Amino acid sequence: MRVNTVYLVTNYKPLLFIISRMKKIVFAFLCTACIYTSAFSQDAKTVNFLDNIVSRLQTLSSTKATEKVYLQFDRGQYNAGDTVFFKAYLTLGEQHQLSKLSGVVHVALLNTLDSLVQNISLQATNGLAWGDFALPNGLPMGVYHIRAYTQWMLNSTDPYIFDQLVLVNSKVPAMAAFTGKPAATTNKFDIQFFAEGGAFVNDIPAKLAFKAVDHNGIGIDVKGVVIDNLNTEVTKFEAKHLGMGLINITPVEGRTYKAKLVYADGTKATVDLPKADDKGITLLVNNDNPEKLMIEINANRPYFLANKNKEIGITIYSGGGTVRSVKTTLDDQVLDLNLAKKDFQTGIARVTVFSQTGEPMNERLVFIQNNDLLNLQTSSDKPAYATRGKVHIAISAKKDDKPVAGYFSAAVTDVSKVPVNESAETTILTSLLLTSELKGFIEQPSYYFANVSNDTRSNLDILMLTQGYRRFEWKQLLGNDVATFPMYPAEKGLNLSGVVKTNNGTPVANGNVTLLTKSGGTMLNQETDANGRFTFANLIYADNTPFMIQAKTSEGKNNIKIIMDPLARVAITAHNTPAAGTDATPVGNNKKQPKDLYMADASGTLLKEVIVKDKKYLDPEHASQTVSGSQIKDQTSISTGLNGRLNGVTLRGGVPYLSDKVSPDMQGGPMLIVLDEITLGEGASVDDYNISDVESVKVLKNIDAAIYGVRGSNGVLVIKTHKSAGLVVSKEMAPGLLSYAPKGFYKARTFYSPVYGGSGSQNNIPDMRSTIYWNPDIVTDKDGGASFDFYNADGKGSYRVVVEGIDENGNLGRSVYTYKVE
């Protein structure tokens with residue numbers, strides 16, 4: 001028996017192992033501390049291709065740690081006029097520890113046209129933040145997106161932007177979706193085949209994974225047979241889950257193969273299978289055993305004879321940032337390697353086989369599913385409650401049977417009002433462990449976590465064969481750009497920046513710029529650079545904080561202008577979401593660089609700039625007529641306040657019409673209503689809004705309405721509310737003196753939870769809440785415990801309690817608990 005020395009690198013610390021080679025690679029643990037030095041005392045030849053690869057992986061994790069953000073919502077569907085509550089968990093690195101790198105999380109609400117409806121910036125403290133979106137009463141029905149990201153995330157070649165679909169019900173009809181291409185043909189299916197490890201080689205048993213989807217990118221059932229070029233049936237196959245399945249086949253030299261398919265609706269098709277290589281090496285992984293990961297490397301005879309006794313390397317880059325590497329020689333056609341799964345953290349592991357020149361030859365993703373998550377238990381003081389009864393919920397968080405302090409959020413919903421498809425939910429587990437690591441749309445991600453069984457493990461393994469890895473590409477990693485300086489620095493706070501120029505447009509170099517709040521306090525000073533630019537970096541301030549900015553030349557003159565930069569960057573690239581309401585294929589394969597991120601305006605037209613001005617509110621200077629909120633504030637509704645005040649406008653049931661276009665059958669059509677940048681659906685009523693919120697109402701007719709195109713052909717009513725004051729307000733007070741109120745950090749609303757049992761008037765008001773309770777700020781104590789109380793609504797049936805969170809070591813937890821209301 002020949003003995004080879006092999007180096008296994010665990011968490012970047014080399015451990016010496018012995019390999020006993022008789023076709024099998026067997027790991028035998030010797031010692032860690034006593035041989036650490038010997039691992040680095042080899043001659044220069046030891047520093048080989050595998051050492052370089054491991055070194056690059058080390059550099060990747062140490063210098064390019066990735067941030068991820070996950071949002072837990074109070075529920076998944078809403079009505080127009082509701083408030084969407086959410087908590088942001090921001091993690092850094094492979095072990096999902098709460099991030100202290102970025103202090104700003106950007107969150108955007110977009111409609112079905114990918115047009116911005118609202119966006120806010122949240123101050124992240126130790127990786128945690130929470131916020132909300134108040135949905136306008138006139139918001140059109142549809143599937144909306146809420147996307148969250150940090151600026152640091154945009155440094156990735158394929159940045160993961162958290163994206164959650166949110167269903168909004170409304171009496172206002174849905175907007176027509178803009179797809180930019182013809183409608184899809186019905187019954188249009190697609191199927192792709194993926195050879196395990198990326199190689200399909202003659203005379204080696206292989207697993208061909210397949211994925212069949214419909215025109216919306218949703219998995220579709222399919223079955224079929226494989227025939228060779230002699231028209232001989234080789235094997236049968238059938239999709240196991242969501243259009244995915246396996247074909248077990250050993251390709252034979254000189255043969256080609258086709259799959260004869262039958263889809264769920266009876267549609268038939270015949271497609272070619274990949275052509276097998278005459279010479280090659282394959283990687284097979286058996287992930288069926290919950291305790292062991294079994295790896296097999298196969299070389300067919302032509303490849304083995306040409307590469308006998310050459311070195312090959314194996315790296316296993318896994319969840320938690322662990323790197324394991326093995327170097328051995330190809331002295332047999334079949335090499336086996338067994339690894340204990342307990343040495344890995346739950347998550348995706350990337351197994352790669354390298355040639356002795358450092359070229360990646362085979363690769364396979366596997367998902368390690370250990371019992372190492374937080375043990376999060378939820379309980380109530382009673383099994384059942386009365387309507388409006390008081391409920392006491394206790395939670396207990398443990399890791400390895402020891403209590404842990406952690407950060408959690410809880411949502412309680414009435415299941416009869418908020419039905420849930422548990423398999424399709426986005427959770428803290430699916431987001432941080434699965435979908436954020438993979439390219440493309442992952443259908444029903446929670447199926448793989450909710451009730452783990454042999455079937456879910458097997459289907460998750462097939463998923464790993466059909467999806468691409470997001471974290472890095474080997475070509476990029478092994479190139480020379482690993483340590484490049486990030487394009488987008490991490491934001492610790494908000495920046496106020498701009499340029500100082502003379503009245504003729506010449507930049508003022510070496511000028512002095514002073515920033516102070518109108519309420520007094522600290523005064524900050526900056527000197528302009530050669531281009532007249534200045535930046536006050538990493539500021540912490542709330543929305544609409546009024547600032548005074550003063551600028552002078554180096555000689556003390558103030559006959560100059562201050563021009564402020566726009567504030568917000570909105571990224572709208574989506575990942576784990578299909579195109580809602582369109583015929584688009586699943587999004588998520590967008591590989592545009594950050595500089596190519598786009599935003600769409602209200603018409604669905606792409607804007608060319610990445611930097612989006614928050615003061616995008618269409619507030620025409622030449623409105624046909626303007627009515628201020630103060631003129632109508634004493635009226636009972638907006639329509640009564642506006643009737644008789646708007647020239648040439650008639651309001652019927654709160655719906656505005658141009659008087660010269662009103663006919664008995666209303667053929668002229670209602671005016672377009674734009675509320676705080678939001679284009680409301682046709683026939684929206686102004687009385688859906690509170691008159692006390694109105695700051696101004698403007699009427700646009702004829703040429704004044706031309707900026708809205710054909711949508712403004714019946715006139716436009718532009719309503720601006722006091723709530724829109726979050727937009728940037730900038731006013732020159734005097735030469736060199738600017739009053740400036742920018743958007744700052746959003747302050748989250750407090751969820752209202754009624755208290756029953758007294759004699760208050762609220763006891764007589766029907767309570768039809770969908771979200772019964774929301775608390776984004778739950779912290780377990782040293783004993784791992786926390787509790788909270790609330791009162792049920794009037795709805796009877798099952799109430800669902802969802803608790804999610806994370807501890808300081810990055811361990812994730814989720815608990816779902818239900819109780820009855822009778």
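What the table below lists for this structure:
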{"item": "Qualifying residue in the stretch 443-459 (condition: at pLDDT 95 or above, open to solvent by less than 30 Å² (accessible area, probe 1.4 Å), farther than 30 Å from Gly795 by Cβ and in contact with a helix residue (DSSP H, G or I) (Cβ under 6 Å, 6 or more places away or on another chain))", "result": "yes"}
{"item": "Among the residues listed as Asp704, Asp676, the single one being in contact with a helix residue (DSSP H, G or I) (Cβ under 9 Å, 6 or more places away or on another chain), at positive phi, crowded, with 18+ Cβ neighbours inside 10 Å and modelled with pLDDT of 65 or more", "result": "Asp676"}
{"item": "Qualifying residue in the stretch 638-647 (condition: open to solvent by 20 Å² or more (accessible area, probe 1.4 Å), at pLDDT below 80 and part of a loop (DSSP other than H, G, I, E, B))", "result": "no"}
{"item": "Qualifying residue in the stretch 325-337 (condition: over 15 Å from Asp461 (Cα atoms) and under 32 Å from the mean Cα position of the chain (by Cα))", "result": "yes"}
{"item": "Residue ID - nearest to Val54 (Cα to Cα), chosen from residues in the stretch 329-341 that are open to solvent by 10 Å² or more (accessible area, probe 1.4 Å) and among the charged types (D, E, K, R)", "result": "Asp336"}
{"item": "Residue ID - modelled with the lowest pLDDT, chosen from residues in the stretch 65-120 that are charged (D, E, K, R) and under 29 Å from Asp688 (Cα atoms)", "result": "Asp114"}
{"item": "Residue list for the stretch 121-135, restricted to those being surrounded by fewer than 23 Cβ atoms within 10 Å (Cβ to Cβ) and not in a strand (DSSP E or B)", "result": "Asn126, Leu135"}
{"item": "Counted residues, the stretch 284-303 - those being open to solvent by less than 20 Å² (accessible area, probe 1.4 Å), more than 28 Å from Gly93 (Cα to Cα) and not small (Gly, Ala, Ser)", "result": "3"}
{"item": "Those strands (runs of 3 or more DSSP E) lying entirely in the stretch 500-582 with at least 1 residues under 26 Å from Leu154 (Cβ atoms) and modelled with pLDDT of 90 or more", "result": "524-527, 533-539, 560-564"}
{"item": "Members of the stretch 283-316 that are of a type in the set (D, E, K, R) and farther than 14 Å from Thr328 by Cα", "result": "Asp288, Glu291, Lys292, Arg301"}
{"item": "The stretch 744-759 residues that are open to solvent by 60 Å² or more (accessible area, probe 1.4 Å), paired with ones that are part of a loop (DSSP other than H, G, I, E, B) and at pLDDT 90 or above (beta carbon under 7 Å, 6 or more apart)", "result": "none"}
{"item": "Restricting the stretch 269-280 to residues that are in contact with a Ser or Thr (Cβ under 9 Å, 6 or more places away or on another chain) and either in a strand (DSSP E or B) or open to solvent by 60 Å² or more (accessible area, probe 1.4 Å) (or both), the residue that is farthest from Thr256 (Cα to Cα)", "result": "Asp272"}
{"item": "Single residue of Val326, Val351 found to be open to solvent by less than 10 Å² (accessible area, probe 1.4 Å) and touching a Lys or Arg at 6+ places or on another chain (Cβ under 6 Å)", "result": "Val351"}
{"item": "Filter pass, Gly629 being within 21 Å of Gly138 (Cβ to Cβ) and either surrounded by fewer than 21 Cβ atoms within 10 Å (Cβ to Cβ) or at pLDDT 80 or above (or both)", "result": "yes"}
{"item": "Leu139 vs. criteria at pLDDT 90 or above and either farther than 18 Å from Gly744 by Cα or under 16 Å from the mean Cα position of the chain (by Cα) (or both)", "result": "no"}
{"item": "Inter-residue pairs, beta-carbon under 9 Å, first on the phi > 0 side of the Ramachandran plot and touching a residue at least 24 places away in the same chain (Cβ under 8 Å) and in the stretch 535-547, second outside any loop (DSSP other than H, G, I, E, B) and open to solvent by 60 Å² or more (accessible area, probe 1.4 Å), 6+ apart", "result": "Asn538/Asn495; Asn544/Val729"}
{"item": "Top-ranked residue of the stretch 153-197 - restricted to ones that are surrounded by fewer than 14 Cβ atoms within 10 Å (Cβ to Cβ) and under 22 Å from Leu242 (Cα atoms), ranked as modelled with the highest pLDDT", "result": "Gln192"}
{"item": "Residue among Thr352, Thr357 that alone is in contact with a Ser or Thr (Cβ under 8 Å, 6 or more places away or on another chain), over 17 Å from Leu433 (Cα atoms) and either among the β-branched types (Val, Ile, Thr) or not in a strand (DSSP E or B) (or both)", "result": "Thr352"}
{"item": "Pairs where the first residue, in the stretch 620-649, is under 21 Å from Gly712 (Cα atoms) and the second is of a type in the set (Val, Ile, Thr) and open to solvent by 20 Å² or more (accessible area, probe 1.4 Å), C-beta under 8 Å, 6+ apart", "result": "Pro620/Ile707"}
{"item": "Flag for Ala239 being in contact with a Leu (Cβ under 7 Å, 6 or more places away or on another chain), open to solvent by less than 70 Å² (accessible area, probe 1.4 Å), of a type outside the set (Asp, Glu) and modelled with pLDDT of 95 or more", "result": "no"}
{"item": "Residue, farthest from Lys87 (Cα to Cα), within the stretch 789-812, restricted to residues that are open to solvent by less than 10 Å² (accessible area, probe 1.4 Å) and among the charged types (D, E, K, R)", "result": "Asp807"}
{"item": "Selection status of Ser115, in contact with an Asp or Glu (Cβ under 7 Å, 6 or more places away or on another chain), closer than 23 Å to Leu539 by Cβ and open to solvent by less than 10 Å² (accessible area, probe 1.4 Å)", "result": "no"}
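This table checks each residue for (1) touching a Lys or Arg at 6+ places or on another chain (Cβ under 6 Å); (2) at pLDDT 95 or above; (3) of a type in the set (Val, Ile, Thr); (4) under 15 Å from Val271 (Cβ atoms).
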site	(1), (2), (3), (4)
Asn216	no, no, no, no
Val226	no, yes, yes, yes
Leu230	no, yes, no, no
Gly243	yes, yes, no, yes
Val252	no, yes, yes, no
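The values are calculated or read from the model by the stated rules, or taken from the named source; none is laboratory data. This one's a predicted model, so the numbers in the text were calculated from it and none came from an experiment. All Cβ positions, glycine included, derive from the backbone under ideal geometry; neighbour counts span all protein chains shown. Just so you know, the surface numbers come from the protein's heavy atoms only, side chains and all, with ligands and any DNA or RNA stripped out. Shrake-Rupley method; radii C 1.70, N 1.55, O 1.52, S 1.80 Å.
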